[in-house]
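What follows is one structure encoded as C-alpha cells, with my remarks underneath.
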Amino acid sequence: MQNSISSLGEKVLAGKLLNQAEASQLAEKKGPERVFDLMYWANKIRHKFKGETVDLCAIVNAKSGRCSEDCAFCAQSSWYPTEAPAYPLLENEELLESARKAFASKAGRFGIVTSGRGLVNQKELDRVCQVISTLTSQGQISPCASLGLLTPETAKALKKAGLKSYHHNIETAPSFYPSICTTHPFEARLETIQTAKAQGFRICSGGIFGLGETMEQRIEMAFTLRELGVDSVPINFLNPIPGTPLEGRTPLPPLESLKIIALFRFILPQADIRTCGGREKGLRTLQPMMYLAGCNGTMIGNYLTTEGRNPEVDIQEIKDLGLVPRVE
C-alpha cells in the first residue's frame, strides 16, 4: 500500500527513519502540487531537527586545474579542454586573506579546496596545516579541508593542525559512479571518508545532481550517505562546463531540484543539508525556496571555477524567511 506524504512525514517527525521503499514512494509523487506537499513536510522536519538557523560556509580554490582524474563534470580535469584556471597552491597569506573575506561575509566555515587525486606533496601539506593552525588559533572561522583522497598519515597531520571538518563527496550513487569517473573507484572515496571519520573529523559529503542519474539512483546515494553517517550533505547541481563530456546536458528544472532537496531531508533528517555549486542554475528564481524544501545551510560567495551570488543577497533571503544566519 502506498503511504501518503503526510504519513511518512509524521513518521520522520516521530524520530523514525524511512526505508528505501518508502523513500521511493515519495519520489514517485508527480507534479508541482506533490512537490509542494513534499516541501511542506520537509520544512517541518528541518524545523524540528535543525531549528531556524542556516549554516553558511565559503571556500577557496586553493590549487586549481591539472587534475589527473577524469570526472565527467569537472572543469579542472586535465582530460578535458576547458578554460578553467590552473595554478599551484596559493601562498599562505592569500589563503588567510580569503578566510578573512569569508568571515566578513558572515560565513561560519571556510573550506580549503585543492585539485588533484590527493595532496601528496609534503611541502604543500605542511603549508595547508600551517593555515589551518592559524585559523584555529584565531578562532573566528572554522576551517574545513577538501584535499582529495586521504591517507591516514595526512589525516593525522590535519588533525594535529586543528582541523575539525573534512569534505569529500561521493558525487553520485554507487551504481552510477562508473559512468562519471573511471580513474579511481567508488571504494576509494568510501575509504577516504572512513579515514577521516577515524580521526574524529566532522564529515561533509554529498554530490552533484543532473549528471544523468535516475531518481532511484539519487535515493540510493542518499541511503549510502546515511549508512556512512555523514554530518553534512552538500547538494550541487550540474553547471555544464564547455569542454567536459557533460557540456550538452540541460540543467535540472527548479522544481525537480527542490524535490531532490526535500527527499534528502526526509531520508537524512538530522544531517546538515546545504546547497552549493550550481544552485543558481538548478533553482534559478526559486533559490529562497531551498530552505522551505528542507535545506539548513548553503555555500556563499564564489565556487571553485564559477561565480556565485553576492552573499548579502543570500543573507537577506534567509532573514526574509524568518530564519537566522549562523556564524560559528
Where a residue in region 238-255 is on the phi > 0 side of the Ramachandran plot and its partner, wherever it lies, is among the acidic types (D, E), with Cβ under 8 Å and at least six apart: G243/E83
Single residue of region 216-235 satisfying the filter (in contact with a helix residue (DSSP H, G or I) (Cβ under 8 Å, 6 or more places away or on another chain) and outside any helix (DSSP H, G or I)) that is surrounded by the fewest Cβ atoms within 10 Å (Cβ to Cβ): G229
Any chance E22 is touching a strand residue (DSSP E or B) at 6+ places or on another chain (Cβ under 7 Å), in contact (Cβ under 8 Å) with a residue 12 or more places away in the chain, of a type in the set (D, E, K, R) and over 30 Å from I318 (Cβ atoms): no
Region 158-187, residues that are surrounded by fewer than 17 Cβ atoms within 10 Å (Cβ to Cβ), out of contact with any Ser or Thr (no Cβ under 9 Å at 6 or more places or on another chain) and not in a loop (DSSP other than H, G, I, E, B): P178, E187
Residue identified as touching a Pro at 6+ places or on another chain (Cβ under 7 Å) and either closer than 21 Å to C276 by Cα or modelled with pLDDT of 95 or more (or both) among L158, L149, L135: L135
Residue count, region 283-316 (criterion: free of Cβ contacts under 8 Å to residues at least 60 places away in the same chain and in contact with a helix residue (DSSP H, G or I) (Cβ under 8 Å, 6 or more places away or on another chain)): 9
Of all residues making up region 73-83, the number that are surrounded by fewer than 22 Cβ atoms within 10 Å (Cβ to Cβ) and either of a type in the set (D, E) or touching a residue at least 24 places away in the same chain (Cβ under 8 Å) (or both): 4
Selected residue (only one of K63, K48 is among the basic types (K, R), within 22 Å of the chain's Cα centre (by Cα) and assigned to a helix (DSSP H, G or I)): K48
Some residue of region 197-204 being in a helix (DSSP H, G or I) and of a type in the set (S, T, N, Q): no
Qualifying residue in region 298-309 (condition: modelled with pLDDT under 95, β-branched (V, I, T) and surrounded by fewer than 21 Cβ atoms within 10 Å (Cβ to Cβ)): yes
Enumeration of residues in region 236-253 that are within 21 Å of L56 (Cβ to Cβ) and not in a strand (DSSP E or B): N239
Qualifying residue in region 150-166 (condition: touching a Lys or Arg at 6+ places or on another chain (Cβ under 9 Å) and among the aromatic types (F, W, Y)): yes
Condition met for G248 (surrounded by fewer than 21 Cβ atoms within 10 Å (Cβ to Cβ) and under 20 Å from G282 (Cα atoms)): yes
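Confirm whether I260 is closer than 20 Å to D37 by Cα, in contact (Cβ under 8 Å) with a residue 24 or more places away in the chain and within 16 Å of the chain's Cα centre (by Cα).
Details: closer than 20 Å to D37 by Cα: yes; in contact (Cβ under 8 Å) with a residue 24 or more places away in the chain: yes; within 16 Å of the chain's Cα centre (by Cα): yes.
The answer is yes for I260.
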Subset of region 195-220 [within 13 Å of the chain's Cα centre (by Cα), of a type in the set (A, V, I, L, M, F, W, C) and farther than 15 Å from C295 by Cβ]: I203, I208
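Here is a yes/no grid of residues against (1) farther than 27 Å from Q25 by Cβ; (2) of a type in the set (A, V, I, L, M); (3) modelled with pLDDT of 95 or more:
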| site | (1), (2), (3) |
| --- | --- |
| E191 | yes, no, yes |
| T195 | yes, no, yes |
| E216 | no, no, yes |
| P251 | no, no, no |
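The values are calculated or read from the model by the stated rules, or taken from the named source; none is laboratory data. Predicted, not measured: the structure shown is a model, and the values here were computed from it. Every residue, glycine among them, receives a Cβ derived from its backbone with ideal geometry; neighbour counts consider all protein chains shown.
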